[in-house]
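What follows is one structure encoded as structure tokens, with my remarks underneath.
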Amino acid sequence: MAVVNMTEVLARQILKDPELLKLLPCHCDRCLDDVLAMALNHLPPRYAATDTGQLYVQVEYLRPQLRSDILRELAQAALWVSSHPHHQSVEGAGGDAPSAKGEGGSGA
Ligand SMILES: [Zn+2]
């Protein structure tokens, strides 16, 4: 048995929705994590004790009730992150190397 936050499980699934990703110009892990964290901060957690087999049953059961709420928060978070990305357009606010994360290809 394990305790999982069903809100987080659903949010991670909904975060892959193409309609939602349209709102976000950058789909890197950093931006997706920002969106997920921001949305989860605005949503009540729903913990469930479950084993892995039951998890998906409960997710499907809860989906219609929670999906609209989660989608709304994710959409708002995506819009915010798209206008406040952490890894670019931070002029003089810290100077994170924009390409610190290896993207492959042009590595020397
Ligand atoms: Zn990004």
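Okay, here's what the table says:
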| quantity | calculated |
| --- | --- |
| Subset of the stretch 11-22 (residues that are of a type outside the set (S, T, N, Q) and away from the ligand (no atom under 13 Å from the Cβ)) | A11, R12, I14, L15, K16, D17, P18, E19, L20, K22 |
| Scan of the stretch 1-45 for residues that are assigned to a loop (DSSP other than H, G, I, E, B) and surrounded by 18 or more Cβ atoms within 10 Å (Cβ to Cβ), ordered by number | L15, L24, L43 |
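FYI, it's all coordinate maths here, none of it is from the lab. These figures come from a predicted structure and were not determined experimentally. Note that each Cβ is placed from the backbone with ideal geometry, even for glycine, and that neighbours are counted across all protein chains shown.
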